[in-house]
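Engineer: Quick one: the structure is below, and I'll ask about it shortly.
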Amino acid sequence: MCDTIAYALRDRHETEKLLLLARVRAFPADRVLVLPLPAEEQAAPLARAATRRQLEAWNIGEEDAFTAEIIVSELVGNAVRYGAPPLGLRLVLDRHLTCEVSDAAQCAPHLKHARTVDEDGRGLFIIASLADSWGTRYCGNGKTV
């Protein structure tokens, strides 16, 4: 829908347009998983296991489920390392699968290009490589990536 509207709004000057879309009805409860997470190392394995179970229940293919587990693991790892409690995981199955991790920190995540000798700094690069898209939204009590 967004692409259709964006193409319809194009003009000969190719100026940028801003388009805001909002969902006016809630997702069905059986299409959403919400899981509070501890702000410690065990959060990533808990999130991966919950993701695996939920995606099996939704009949998501093994390859896509594995990719989602990697994305969730990296998001949760970043939230534990750089975020602030409370942490939470949300999976939404609509036309696409959306994996979100929330925390109470306001600091913006930054995509880094780690050198081969660096031991960290690859999380968002991995997410950007695997996901169709990613981003951050902020609210009064933190952010969701």
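Engineer: Starting from the Cα of residue 128, step 7 Å along the direction of its Cβ; do the same at residue 22; then give the gap between the two resulting points in nm.
Structural biologist: Each label point lies 7 Å from its Cα, and together they span 3.1 nm.
Engineer: Determine the gain in length on full extension of the stretch residue 10-residue 139; use 0.36 nm per residue of separation and subtract their C-alpha separation, reporting nm with one decimal.
Structural biologist: Full-extension gain reported as 43.4 nm.
Here, each number is a calculation from the coordinates, and none is a lab measurement. Predicted model only: the values in this text are computed from it and were never measured. Every residue, glycine as well, gets a Cβ built from its backbone with ideal geometry; the counts of neighbours run over all protein chains shown.
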